[in-house]
Amino acid sequence: MNKIVVLTGAGMSAESGLSTFRDSGGLWEQYRIEEVATPEAFKKNPEKVLNFYNERRKQLLKTLPNEGHEALVMLENFFDVYIITQNVTPLNKQIIKQIKNILKCL
């Protein structure tokens, strides 16, 4: 069977309605990274940091995999699929159960 490598990122989840961090209108335009995503921020204001991530988690609960996620699963009917991503969300985890080869790049 032929192999195929797929590079994915936040755009996959954005299609399902998740806010991204770096896009225009993304989370880093709404929040200063130093205030919500550093150990110093957590030490200074743990409630603010936890609220930031809890809101992100709530958003994840309301989303479903999109056609792009489904297409990756369907590709496995024809190829050995290898996915390389830095974007691991519950959406990706739903398809990971079906895709044999995934490499998470952090």
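Points to keep in mind about this one:
- Qualifying position, being of a type outside the set (D, E, K, R) and assigned to a loop (DSSP other than H, G, I, E, B), among LEU60, LEU50, LEU18: LEU18
- Residues being among the hydroxyl-bearing types (Ser, Thr, Tyr) and under 23 Å from LEU72 (Cβ atoms) - total across segment 2-60: 5
- Note on segment 1-16: residues that are surrounded by 13 or more Cβ atoms within 10 Å (Cβ to Cβ) and touching a helix residue (DSSP H, G or I) at 6+ places or on another chain (Cβ under 9 Å) total 7.
- When segment 70-89 is limited to residues that are buried (at least 16 other Cβ atoms within 10 Å of the Cβ) and either of a type in the set (S, T, N, Q) or within 17 Å of ALA14 (Cβ to Cβ) (or both), the one that is modelled with the lowest pLDDT turns out to be THR89.
- For segment 43-69, taking the residues that are surrounded by 15 or more Cβ atoms within 10 Å (Cβ to Cβ) and modelled with pLDDT of 90 or more, the one that is nearest to ILE83 (Cα to Cα) is identified as PHE52.
The values are calculated or read from the model by the stated rules, or taken from the named source; none is laboratory data. Note that this is a predicted model, so its numbers are computed, not measured. When we count neighbours, we look across all protein chains shown, and the Cβ atoms used for this are built from the backbone with ideal geometry, even at glycine.
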